[in-house]
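Shown next, in structure tokens, is the structure this report addresses.
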């Protein structure tokens, strides 16, 4: 064997590993493994949530979001137990097209709230891929300062295929966060599609973020979104963009006068802000406080909450019926047969659906 071959062999030589300490016997190892696998009970989780334990809150939210039937049953018990501690927070929905600066605004806004003594939850819904079903869930990265705040809790969730792209159990997650002592709940929408409609049905105040010079001051804006908005905030109103932002504010104010009065008797406001420079943020919160005062005094606040509960009752029934249908073993078997028949042109999608629904 040459010197070169000897060197090559030694490079691939594998040394013996370090043996496990004899002090850690098999019984101890099994005990540690058992503790790791042991899941907290409903009572433990509820106790932890109501005392403000973030770990228990996160575990409970994971159960709520799970599609596993055992997890769903456990989550239902947790929500029921937490309900008496909920419904005591201000719920704010924030939407806007991608690139408008939602994450930057929410971080600046959330930091302002924690600085004045509020406890803030941010439920950020990330869009799921229609192909891989995956989500980036990168909001904690984008809100790197707020995530370190002990009085803030950020929970990104995949939108999945739920109504309008809103996380399937966002409504229930709100209850858990309120039970954990958070007094301000911020829900960030995906900003594409119908997510705004779903978020509007679960919040007290709906805020629409806009950009100046984006070509949508009047002609490009969706009527439905404007009608739902309780305030329009024009972000990135700084530097060379300040003049355009002021002009956009005038245009939006004119547009809002063309819409009918709201049932809340609140007149939507338009304001400017620069989330990057933390300018105009306190004015947005003052606007929300004024809204809460107005709607509480004329009883719209409570009426709106009741209407939202009715909506989510019906939505939950629809979701449960759909889930039970597709999880039926009989339907699973017959569904594939009907799909094959449709693909072969031996039946129509409508006839196949009628047959499956009659089973």
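Which condition number in (1) assigned to a helix (DSSP H, G or I); (2) over 16 Å from residue 169 (Cβ atoms); (3) at pLDDT below 90 is the one that residue 72 fails?
Here residue 72 meets the rest and fails (2).
Here's the yes/no breakdown for (1) at pLDDT 95 or above; (2) in the same structural domain as residue 269 (by TED's automatic domain parsing); (3) out of contact with any helix residue (DSSP H, G or I) (no Cβ under 6 Å at 6 or more places or on another chain); (4) farther than 27 Å from residue 90 by Cα:
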| residue | (1), (2), (3), (4) |
| --- | --- |
| 294 | yes, yes, yes, no |
| 316 | no, no, yes, no |
| 322 | no, no, yes, yes |
| 329 | no, no, yes, yes |
| 350 | yes, no, yes, yes |
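Tell me, please, whether a residue that is exposed (fewer than 13 other Cβ atoms within 10 Å of the Cβ) and at pLDDT 90 or above can be found in the stretch 17-28. Even if it seems obvious, please write down each step before you answer.
Within the stretch 17-28, the first condition is being exposed (fewer than 13 other Cβ atoms within 10 Å of the Cβ), and the residues that meet it are 17-28.
Now restrict to residues that are at pLDDT 90 or above: none.
So far as the stretch 17-28 goes, no, none of its residues is exposed (fewer than 13 other Cβ atoms within 10 Å of the Cβ) and at pLDDT 90 or above.
Mind counting the residues in the stretch 231-241 that are in contact (Cβ under 8 Å) with a residue 24 or more places away in the chain and surrounded by fewer than 16 Cβ atoms within 10 Å (Cβ to Cβ)?
Residues of the stretch 231-241 that are in contact (Cβ under 8 Å) with a residue 24 or more places away in the chain, as a first pass: 231-238, 241.
Filter again for surrounded by fewer than 16 Cβ atoms within 10 Å (Cβ to Cβ), leaving none.
Looking only at that region, the number is 0.
Collect the residues in the stretch 72-90 that are in contact with a helix residue (DSSP H, G or I) (Cβ under 7 Å, 6 or more places away or on another chain) and surrounded by 15 or more Cβ atoms within 10 Å (Cβ to Cβ), keeping them in residue-number order.
Looking only at the stretch 72-90, we keep the residues that are in contact with a helix residue (DSSP H, G or I) (Cβ under 7 Å, 6 or more places away or on another chain), and these are 74-75, 77-79, 81-83, 85-90.
If the condition is that a residue be in contact with a helix residue (DSSP H, G or I) (Cβ under 7 Å, 6 or more places away or on another chain) and surrounded by 15 or more Cβ atoms within 10 Å (Cβ to Cβ), then 74, 75, 77, 78, 79, 81, 82, 85, 86, 89, 90 are the ones that fit.
Could you list all residues from the stretch 112-132 that are outside any strand (DSSP E or B) and at pLDDT below 95? If you could, list the steps in order and put the result at the bottom.
Filtering the stretch 112-132 for residues outside any strand (DSSP E or B) gives 112-119, 127-132.
Selection gives 127, 128, 129, 130, 131, 132.
Restricted to the stretch 54-69, and to residues that are part of a helix (DSSP H, G or I) and surrounded by fewer than 21 Cβ atoms within 10 Å (Cβ to Cβ), which residue is modelled with the lowest pLDDT? Steps first, please.
First, the residues of the stretch 54-69 that are part of a helix (DSSP H, G or I): 54-65, 69.
In the following step, the residues that additionally are surrounded by fewer than 21 Cβ atoms within 10 Å (Cβ to Cβ) were identified as 54-55, 58-59, 62, 65, 69.
Working: 54: 95, 55: 95, 58: 95, 59: 95, 62: 92, 65: 85, 69: 81.
Top of the filtered list is 69.
Output the number of the condition that residue 262 fails; it satisfies all remaining conditions of (1) closer than 30 Å to residue 146 by Cα; (2) in the same structural domain as residue 203 (by TED's automatic domain parsing).
(1)
The values are calculated or read from the model by the stated rules, or taken from the named source; none is laboratory data. Not measured: the values here are computed from a predicted model. Cβ atoms come from the backbone with ideal geometry, glycine included; neighbour counts cover every protein chain shown.
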